[in-house]
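Participant: This is the structure I want to talk about, given as structure tokens.
The values are calculated or read from the model by the stated rules, or taken from the named source; none is laboratory data. Note that the structure is a prediction, hence the values are computed from the model and not measured. Every residue, glycine among them, receives a Cβ derived from its backbone with ideal geometry; neighbour counts consider all protein chains shown.
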Amino acid sequence: MAKYKWSFANVGGVTRVRIHNAEDIRHLGELDKKMWTVLSCPVNGLEISADSLSLMDLDGDGKLRMKEVIATAEWLCAALKEPKSLFEQKDEIALDNIADAAILAVAKKIAGKKKSIALADVQAVIDAVTIEEQPIPAAPLEADVIAAYKAKSAEYAAYFEQEKLQKIGLALIPEDAVKPGMKEKDFVAMGAKIAEWEAAKAAAETANADALAAAKAEFMPLRKLLLLHRDFYRLLRNFVTLEDFYDNNDKTIASFQAGTLIIDQRACHLCIRVNDLPKHDTQAPLSGIYLLYCNCESKKLGKSMQIVAAMTQGEIKNLSVGKNAVFYDNEGNDYDATVIKIIDNPISIRQAFWTPYRKFANWVEEKINKSAAEKDAKAFDDMTAKADAAVNKEGGEASKPAFDIAKFAGIFAAIGMALGMIGTALAAVAKGLSGFSWWQLLIVFVCILLVISGPSMVMAWLKLRRRNLAPVLNANGWAVNSDAIISVIFGRTLTEQVAFPLVKAPQLKPGLAAWKKWLIGISVAIVVIGILCVILHLCGFCFCCFCFH
């Protein structure tokens with residue numbers, strides 16, 4: 001037999017097999033397992049019907065594997081005359097497309113004169129099935145008596161056991177022990193009655209459930225066919241390939257996309273439910289994606305979940321642990337979200353350009369705050385120490401320390417030396433720059449920026465090229481068999497930034513003239529360049545040959 005010829009396409013920057021006709025589904029079992037994008041995935045937490053996923057999970061272990069997907073494909077191809085209708089993803093099937101005789105007979109009985117059968121019609125018939133139920137035996141005691149017995153049974157049994165041991169001298173019942181309000185034989189008789197009734201009740205309920213399931217059994221294969229007819233092709237697009245994830249259609253979402261997180265004037269569309277947060281600690285950082293982990297809670301629905309959202313556009317200065325946001329699931333329900341963890345990775349090259357300056361500013365701010373706090377504490381300690389000395393001194397005014405002229409002379413000398421060094425450096429820089437034309441000064445300025453921001457931008461460029469969703473899915477219990485690259489261009493579709501219309505701001509006061517704004521801007525630029533040049537000169541940078549000595 002000739003080997004089946006598959007077609008391939010570039011999906012998300014990776015070559016993947018295409019499932020685009022009925023023959024592809026018929027030959028799914030022949031597809032090289034190394035070509036599958038996903039080898040297994042959890043049944044829970046996907047945006048595909050839980051009923052459909054449970055029908056495909058043949059061993060009921062909560063995982064969907066390749067062999068189960070292949071078995072489902074074979075069952076559908078046997079039940080349908082034309083499996084190409086699976087690509088429509090509808091929960092309605094034409095009667096003349098059903099190949100299985102038993103399923104077709106049930107479908108005709110429900111459809112009547114209709115030429116097609118819908119899932120809603122079948123479900124209505126299943127819900128309407130009734131049986132002659134076995135009567136549930138009446139309770140031997142009042143409900144509150146039975147509840148009280150169950151609440152006290154262990155305590156009373158222990159008391160009666162202690163009572164027996166006390167009679168033979170092997171135990172002593174404490175004086176404050178609560179004595180049962182009945183004799184042991186009455187307690188045992190009551191327990192026997194309740195146990196007998198519960199056993200009879202359980203047997204009747206089980207028999208009724210089995211009888212109801214048997215009455216519904218003839219409709220279940222048809223229900224399975226309709227559910228899988230609607231959902232199986234979508235599973236293939238998220239299992240054999242990741243076409244739903246990379247599809248540009250706004251209405252198409254991947255099975256793992258749980259909703260949208262609105263935070264910091266952005267909408268993050270790539271949000272995934274987190275099944276096991278500790279597993280993400282080791283896997284998720286390998287993705288190279290800036291990730292926000294959030295606790296989400298809806299008091300209205302009485303539900304809570306954890307999600308991880310990918311931030312692929314914008315700045316990060318306002319993002320921090322503890323920040324509040326709102327999460328919307330795919331049904332439009334809103335949840336209060338709070339950031340509990342951040343995995344920091346580059347978002348864009350532009351953001352990476354400013355990273356060194358932001359880090360330097362944070363470092364300076366931290367040092368200033370630390371120094372100010374230390375000086376404030378020292379000043380407070382000195383003040384309280386002097387106050388204590390003044391209070392404790394017996395009579396007379398507290399003595400004042402003598403003025404130490406040598407100490408201040410040393411301080412003035414140090415200040416003068418520092419100013420002299422700075423002046424010398426500025427003079428050397430000015431002398432070195434005096435021979436440059438304006439365009440050469442511009443090159444110097446660009447070179448300084450590249451020296452500072454270049455390494456950060458190169459690292460960001462390398463990481464952005466390697467952004468990969470697979471480690472995040474693997475941390476969530478998936479077995480992803482290939483890369484799921486998130487390019488810079490594709491990443492822009494996963495995070496929407498706010499876009500305000502241009503609105504002229506009201507002028508409360510007359511603004512600065514244009515020439516004044518330009519003068520201020522140029523002055524600030526000159527100061528910044530001067531400071532950078534001083535720093536480079538002190539570090540040994542030569543402006544004549546553009547290198548460090």
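Participant: Can you go through 236, 270, 291, 286 and tell me which one is aliphatic (A, V, I, L, M) and under 21 Å from residue 65 (Cα atoms)?
Facilitator: Values: 270 fails: under 21 Å from residue 65 (Cα atoms); 291 fails: under 21 Å from residue 65 (Cα atoms); 286 fails: under 21 Å from residue 65 (Cα atoms).
Exactly one residue qualifies, and that residue is 236.
Participant: Being surrounded by fewer than 18 Cβ atoms within 10 Å (Cβ to Cβ) and small (Gly, Ala, Ser) is the filter here; which residues of segment 46-59 pass it?
Facilitator: 49, 50, 54
Participant: Exactly one condition in (1) assigned by TED's automatic domain parsing to the domain that holds residue 315; (2) at pLDDT below 90; (3) surrounded by 17 or more Cβ atoms within 10 Å (Cβ to Cβ) is false for residue 489; which is it?
Facilitator: Residue 489 satisfies every listed condition except (3).
Participant: Would you pick out the residues in segment 286-331 that are under 21 Å from residue 46 (Cβ atoms) and not in a strand (DSSP E or B)?
Facilitator: 287, 289, 301, 330, 331
Participant: Do you know which residues across segment 115-144 are without any contact (Cβ under 8 Å) to a residue 12 or more places away in the chain and either assigned to a helix (DSSP H, G or I) or in contact with a Cys (Cβ under 6 Å, 6 or more places away or on another chain) (or both)?
Facilitator: Residues satisfying the conditions are 121, 124, 127, 128, 143, 144.
Participant: Counting only residues that are under 17 Å from residue 245 (Cα atoms) and touching a residue at least 24 places away in the same chain (Cβ under 8 Å), how many does segment 1-19 have?
Facilitator: 8
Participant: Considering only segment 52-66, I want to know if a residue exists there that is out of contact with any helix residue (DSSP H, G or I) (no Cβ under 7 Å at 6 or more places or on another chain), free of Cβ contacts under 8 Å to residues at least 12 places away in the same chain and of a type in the set (Gly, Ala, Ser).
Facilitator: Within segment 52-66, one or more residues are out of contact with any helix residue (DSSP H, G or I) (no Cβ under 7 Å at 6 or more places or on another chain), free of Cβ contacts under 8 Å to residues at least 12 places away in the same chain and of a type in the set (Gly, Ala, Ser).
Participant: Right, another one. Test residue 363 against the stated conditions and say whether it is of a type in the set (A, V, I, L, M, F, W, C), farther than 25 Å from residue 489 by Cα and at pLDDT below 95.
Facilitator: Details: of a type in the set (A, V, I, L, M, F, W, C): yes; farther than 25 Å from residue 489 by Cα: yes; at pLDDT below 95: yes.
Answer is yes for this residue.
Participant: While we're looking at this one, here's another question. Please specify each residue of segment 262-285 satisfying the condition of being of a type in the set (A, V, I, L, M) and in a helix (DSSP H, G or I).
Facilitator: Residues of segment 262-285 of a type in the set (A, V, I, L, M): 262-263, 267, 270, 272, 274, 277, 284.
Scanning segment 262-285 gives 277, 284.
Participant: Which fully enclosed helices (runs of 4 or more DSSP H) of segment 170-261 have 3 or more residues being at pLDDT 95 or above, assigned by TED's automatic domain parsing to the domain that holds residue 100 and under 29 Å from the mean Cα position of the chain (by Cα)? Steps first, answer last, please.
Facilitator: Working: elements: 184-216, 220-239, 243-246.
Answer list for segment 170-261: 220-239.
Participant: With of a type outside the set (Lys, Arg) and more than 30 Å from residue 38 (Cβ to Cβ) as the only criterion, which of 93, 110, 70, 103 stands out? Talk me through it step by step, then tell me what you get.
Facilitator: Numbers: 93 fails: more than 30 Å from residue 38 (Cβ to Cβ); 70 fails: more than 30 Å from residue 38 (Cβ to Cβ); 103 fails: more than 30 Å from residue 38 (Cβ to Cβ).
Every option except 110 fails the conditions.
Participant: Step by step: first the residues of segment 286-301, then only those that are at pLDDT below 95 and either out of contact with any Asp or Glu (no Cβ under 9 Å at 6 or more places or on another chain) or hydrophobic (A, V, I, L, M, F, W, C) (or both), then the one that is surrounded by the fewest Cβ atoms within 10 Å (Cβ to Cβ). Which residue is that?
Facilitator: 301
Participant: Before we move on, is residue 243 in contact with a helix residue (DSSP H, G or I) (Cβ under 8 Å, 6 or more places away or on another chain) and surrounded by 21 or more Cβ atoms within 10 Å (Cβ to Cβ)? Walk me through how you get there before you give the answer.
Facilitator: Values: in contact with a helix residue (DSSP H, G or I) (Cβ under 8 Å, 6 or more places away or on another chain): yes; surrounded by 21 or more Cβ atoms within 10 Å (Cβ to Cβ): yes.
Yes, satisfied.
Participant: Now a separate question. If we keep just the residues of segment 341-357 that are surrounded by 14 or more Cβ atoms within 10 Å (Cβ to Cβ) and farther than 24 Å from residue 490 by Cα, which is modelled with the lowest pLDDT?
Facilitator: Selected residue: 356.
Participant: Do we have residue 36 as crowded, with 17+ Cβ neighbours inside 10 Å, over 15 Å from residue 231 (Cβ atoms) and aromatic (Phe, Trp, Tyr) here?
Facilitator: On the way: crowded, with 17+ Cβ neighbours inside 10 Å: yes; over 15 Å from residue 231 (Cβ atoms): yes; aromatic (Phe, Trp, Tyr): yes.
Considered against the rule, which asks whether it is crowded, with 17+ Cβ neighbours inside 10 Å, over 15 Å from residue 231 (Cβ atoms) and aromatic (Phe, Trp, Tyr), residue 36 comes out as yes.
Participant: Give the residues of segment 301-319 that are over 16 Å from the mean Cα position of the chain (by Cα) and under 13 Å from residue 266 (Cα atoms), sorted by residue number.
Facilitator: 313, 314, 315, 316, 318
Participant: While we're on this one: Condition (residue is within 18 Å of residue 37 (Cα to Cα), free of Cβ contacts under 8 Å to residues at least 24 places away in the same chain and not small (Gly, Ala, Ser)) applied to segment 232-252: is it met by at least one residue? Working first, answer last.
Facilitator: So the first thing to find is which residues in segment 232-252 are within 18 Å of residue 37 (Cα to Cα), and the list is 232-247.
Imposing the further condition that a residue be free of Cβ contacts under 8 Å to residues at least 24 places away in the same chain reduces the set to 244, 247.
Within this subset, residues satisfying the condition of being not small (Gly, Ala, Ser) are 244, 247.
The answer is yes, given that some residue of segment 232-252 is within 18 Å of residue 37 (Cα to Cα), free of Cβ contacts under 8 Å to residues at least 24 places away in the same chain and not small (Gly, Ala, Ser).
Participant: Residue 512 fails exactly one of the following numbered conditions: (1) at pLDDT 70 or above; (2) loosely packed, with under 12 Cβ neighbours inside 10 Å. What is the number of that condition?
Facilitator: The failed condition is (1).
Participant: Scan segment 100-124 for residues that are within 26 Å of residue 29 (Cβ to Cβ) and exposed (fewer than 15 other Cβ atoms within 10 Å of the Cβ) and report the count. I'd like the intermediate steps shown before the answer.
Facilitator: Residues of segment 100-124 that are within 26 Å of residue 29 (Cβ to Cβ), as a first pass: 100-104.
Those still in the list that are exposed (fewer than 15 other Cβ atoms within 10 Å of the Cβ) too: 101-102.
So the count comes out to 2.
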